[in-house]
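Everything on this sheet refers to the single structure shown next.
Read-outs: derived from the displayed coordinates by stated rules, not from any lab. Keep in mind it's a predicted model, so treat the numbers as computed, not measured. Here the Cβ positions follow ideal geometry from the backbone for every residue, glycine too, while neighbour counts run over all protein chains shown.
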Amino acid sequence: MSEMVFESVTDLERVANALHRAQKITALTGAGVSAASGIPTFRGADGLWKKVRAETLATPEAFENDPKLVWEWYDWRRQMVAGARPNAAHDVLAQWTREQSGFTLITQNVDGLHEKAGTERLIRLHGSIWHVRCWQRCTAGRRDWRDDTTPFPTLPPRCPHCGGIVRPAVVWFGESLDASDVARATEATDCEVFLTIGTSAVVYPAAGLVHQAKRRGAFTVEINLEPTEASHVVDVALHGPAEKILTNLAALGRSGSD
Ligand code: BJW
């Protein structure tokens, strides 16, 4: 049951103390973590899908019907992300992964900003906007490869091996996530503290991780601008910008360990 639904010094201190004591910590991030870097979220007020239904663009069926239209959306997003820099939320999380071998970061984000911030041992559940693979699954092009071209000279871009269309190597609705990534993420729910940060917690299986962590006895924390589907599950909900709350938690951690 949710004990707190507002941010206060006491909430922050409880979370900071829990983080300070824990050996095994797992964080799950979503689009809200990149908002301060200028990347729109999916479902917020200025969300990427405010005017377009998800099913219109983020499904294999949409790509099959109109690959150029879907690629125009991804090409626009790639150009936006290419100019973006990690913000304080990415930086604090990256530092925690570098300083603590028991800290695992799982992300639903495809923008690459956690990697840019220097995150170690990142588990990417929904792929990467910077990776592509052959839609026809030709022998040489069936495995993902990195392609930083932006903007593409023609859309849809072509497979260098067979000349067919390539697709973004992201996970669309109705597609399976990589089984080994899901296994690693599930294993990471066996932790002392689980943080769900900047995600609306509606897309599964990612949204199920906080429930699993709670069942396994973790102290669970939500960091989000507003209440979400996860708010009633977590032990503490801190509502505010992730970049500010994580910075405050890092500062409390430093003063607590002096
Ligand atoms: C801030 C902030 C700031 C803003 N600070 N916070 C079980 C139950 C029901 C349905 C299913 C289920 N299992 C599977 C399904 C079906 C489906 C699903 O979940 N549907 C639900 C929507 C109902 N899942 C799938 O299809 C998955 N596949 C799968 O499970 O395969 C097996 C299977 C298939 C079918 C049936 C059953 C089993 C695949 C899901 C793939 C999701 N892909 C996308 C697109 C990726 C590529 C791309 O980027 O284009 O991933 S969808 C989109 O949503 C993207 C995101 O990663 C994902 C999550 O969004 P996120 O990150 O939470 O963003 P928002 O915008 O929703 O929220 C942002 C939050 O930030 C908000 O809360 C703000 O308040 C907050 N915020 N600024 C803090 N500064």
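If you wrap a convex hull around the alpha carbons of the stretch 200-258, what volume per residue comes out, as a whole number of Å³?
It comes to 88 Å³ per residue, whole-number rounded.
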- prompt: What residues qualify as long-range amide H neighbours of Leu28, i.e. H under 5 Å apart, gap of 5 or more or another chain, H built at 1.01 Å from N?
  reply: Ile106, Leu195, Thr196, Ile197
query: So which cysteines of the chain have no other cysteine's Cβ under 4.7 Å from theirs?
result: Cys191
field: Over 18 Å [Cα-Cα, the stretch 150-258], rounded percent
entry: 63
- prompt: Can you sort Trp145, Trp172, Trp96 by how many other beta carbons sit within 10 Å, fewest first?
  reply: Trp145, Trp172, Trp96
task: Excluding Arg137 itself, calculate the net charge of residues whose Cβ lies under 13 Å from the Cβ of Arg137, where each Lys or Arg counts +1 and each Asp or Glu counts -1.
output: +3
query: Each label point is 7 Å from the Cα along the Cα-to-Cβ direction; what then is the distance between the points at Arg98 and Ala82, in nm?
result: 2.7
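Per residue of the chain, what 222 nm ellipticity follows from adding -39500 (n - 2.57) for every DSSP H run with n ≥ 4, rounded to the nearest 500?
Estimated from H runs of four or more residues: -10000 deg cm²/dmol.
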The stretch 1-151, dipole about Cα centre (Lys/Arg Cβ +1, Asp/Glu Cβ -1), debye to the nearest 20: 380
- prompt: In which sequence would Tyr204, Tyr74 go, from the one with the fewest C-beta neighbours within 10 Å to the one with the most?
  reply: Tyr204, Tyr74
statement: Toy charge model, Lys and Arg Cβ at +1, Asp and Glu Cβ at -1: the chain dipole around Cα centroid in debye, rounded to 20, equals 620
field: DSSP bridge pairs, the chain: antiparallel proportion in percent, nearest 5
entry: 25
statement: In units of 2.2 N^0.38 Å, the Cα radius of gyration of the stretch 35-193 is 1.09
query: Hey, which aspartates and glutamates would be in cross-link range of Lys244, C-alpha to C-alpha under 18 Å, not counting anything within fewer than 8 residues on its own chain?
result: Glu7, Asp11, Glu13, Asp91, Glu222, Glu226
- request: Arrange the following residues from fewest to most other Cβ atoms within 10 Å of their Cβ: Glu222, Glu115, Glu243, Glu175.
  value: Glu175, Glu115, Glu243, Glu222
